[in-house]
1. Restricting to the stretch 123-152, and then to whatever is among the polar types (S, T, N, Q) and closer than 19 Å to ARG243 by Cα, can you tell me which residue is most open to solvent (accessible area, probe 1.4 Å)?
2. Of all residues in the stretch 136-159 being under 20 Å from the mean Cα position of the chain (by Cα) and outside any loop (DSSP other than H, G, I, E, B), which is modelled with the lowest pLDDT?
3. Which of the residues spanning the stretch 425-444 are out of contact with any Lys or Arg (no Cβ under 9 Å at 6 or more places or on another chain), assigned to a helix (DSSP H, G or I) and surrounded by fewer than 16 Cβ atoms within 10 Å (Cβ to Cβ)?
4. Between THR373, THR395, which is open to solvent by less than 60 Å² (accessible area, probe 1.4 Å), of a type in the set (Ser, Thr, Tyr) and either within 29 Å of the chain's Cα centre (by Cα) or at pLDDT below 90 (or both)?
5. It is to be established whether one or more residues within the stretch 350-366 are assigned to a helix (DSSP H, G or I), open to solvent by less than 50 Å² (accessible area, probe 1.4 Å) and modelled with pLDDT of 90 or more.
6. Among the numbered conditions (1) open to solvent by less than 20 Å² (accessible area, probe 1.4 Å); (2) at pLDDT 90 or above; (3) out of contact with any strand residue (DSSP E or B) (no Cβ under 8 Å at 6 or more places or on another chain), tell me where CYS242 comes up short.
7. Considering only helices (runs of 4 or more DSSP H) fully contained in the stretch 169-284, which possess at least 3 residues that are touching a helix residue (DSSP H, G or I) at 6+ places or on another chain (Cβ under 7 Å) and within 14 Å of VAL156 (Cα to Cα)?
8. Could you tell me which residue of the stretch 305-334 is surrounded by the most Cβ atoms within 10 Å (Cβ to Cβ), considering only residues that are assigned to a helix (DSSP H, G or I) and over 24 Å from the mean Cα position of the chain (by Cα)?
Amino acid sequence: TNDPWSSWNVGKSGNWDNGNTVDSWATKPESAAGQRNSASNNWETATAFGHPQAYQGPAAADDDDWDDDWDDPKSTSPSYLGYKETEASEAGGVQRGNSRAAAMKLPLNKFPGFAKPGMEQYLLAKQLAKPKEKIPIIIGDYGPMWVYPTSTFDCVVADPKKGSKMYGLKSYIEYQLTCTNTNRSVNHRYKHFDWLYERLLVKFGLAIPIPSLPDKQVTGRFEEEFIKMRMERLQAWMTRMCRHPVVSESEVFQQFLNFRDEKEWKTGKRKAEKDETVGVLIFSTMEPEAPDLDMVEIEQKCDAVGRFTKAMDDGVKELLTVGQEHWKRCTGPLPKEYQKIGKALQSLALVFSTSGYQGESDLNGAITEAGKTYEEIASLVADQPKKDLHFLMETNHEYKGFLGCFPDIIGAHKGAIERVKESDKLVATSKITPQDKQNMVKRVSTMAYALQAEMNHFHSNRIYDYNSVIRLYLEQQAQFYETVRCSISVPFSWHMLCCCFHKKYSQYLIIFLYKPLPESRYLKNCKCKKKIKKTQRMS
């Protein structure tokens, strides 16, 4: 139950009952028109826009019929910035970010298309209703692709503020959302994001992976560190949704970002909740500009997507586990080891100083400085994960949520394929006509084109995201080790060279000093520092 992939099995026809209800440094990705969806990078600092007349969100009375911000009592405060998941979440999937199994435990049967007859309703309908919205699928350089909008936008989540209602008895945090294309702002609470997530999941969940929101939490909701982490993850989630050409252009998403007053918000909210084009019926809005595929090709492509997403899911989880362990070492035992080395070196220097031998003062000073350097390295090691590993872990955490959506998507496709395979028996018993079977194949072909279009979008963003985050990780790692190298080389090597040998071998020191001397406390008391710098300038 804790693994979303356990409910999906390629070879079983039983997926029909469960599939749609169970629980290289490449360049930026290109759109179907050959242009990059220029959404801002997830890790860029969000800057607040000043909008003194911005609408402040729906009135407090409008929230009374919604669930409160208080969360599932089983969820706990995330450890290591949310990377460690509790035993309860692993066992029962109670946290939103754990797997999509938890996210899919919505009352889906009350939504058209998510009930079991939904797939039959789509495949066997004589005439599908003509929805107002149309989602075209074109053939690009890499196969089927969504049509990307000519102009893209991002949404900046910033300026978290504490609000209250019921005369201060209830408190909450609301965030300011500013679209980069309109420069208008609206305010939303976390549960408004939760409402949007559920609407997107119900509408697109069987065609497009909708990753979960950041985990809910009972205690510490108003602590500065938690608010900062939640805002960062909400920013990443909104950027991801803005980057998707179908989700970003959907009516419910646009209404969430662009409502102007309380009345417009309520009207749009009720309209979205009454939307009947949800679940498998979303495929009825899709129009591939390509010939129908045959069933063998459809099944092969579906299996290929299943194999890749399952393998990537395993790889992402492994990296999260390794990263979590490394984070714990860097913030726990590893700094303590460096501190022990530093103290041991200083103790040794103290022992040497008691010998009374006058010629070893420079050596004792250098060893003492080396000990202090190791104590400083301990703090560098403890702080380093926040500079590089944090972003790598966040990206993998986000993709873990994405990949947890695919078992349901693949299950729906496999169920449709099995239904088509069974259609021969239905034709033989005159339960359906040959034309009905042909319509079924055509509609399953549409589903296959949608899956391929989504995978092309997924791969494009995957390459761009991992290119960015691994570049950042390696650059920060290189900078970290360079800092450590310089810190270690200065106290002993430079100190000994300068203090012990400058008189006799100053002409050879020019070889080592072709770069400016590092400005550090190790050379502040060096008697020959001025002479060496003068020699260097002369060289």
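The values are calculated or read from the model by the stated rules, or taken from the named source; none is laboratory data. Model, not experiment: these values are computed from the prediction. Don't worry about glycine lacking a Cβ; one is built from the backbone with ideal geometry, like all the others, and counts go over all protein chains shown. What goes into the accessible areas is simple: the full protein's heavy atoms, side chains included, and nothing from ligands, DNA or RNA. Shrake-Rupley method; radii C 1.70, N 1.55, O 1.52, S 1.80 Å.
1. THR150
2. Restricting to residues being under 20 Å from the mean Cα position of the chain (by Cα) and outside any loop (DSSP other than H, G, I, E, B), the top hit is ALA158.
3. Selection gives ALA428, PRO434, GLN435, GLN438, LYS442.
4. THR395
5. Checked the stretch 350-366: no residue is assigned to a helix (DSSP H, G or I), open to solvent by less than 50 Å² (accessible area, probe 1.4 Å) and modelled with pLDDT of 90 or more.
6. Only one criterion is unmet by CYS242, namely (3).
7. 224-243
8. Out of the qualifying residues, it is LEU334.
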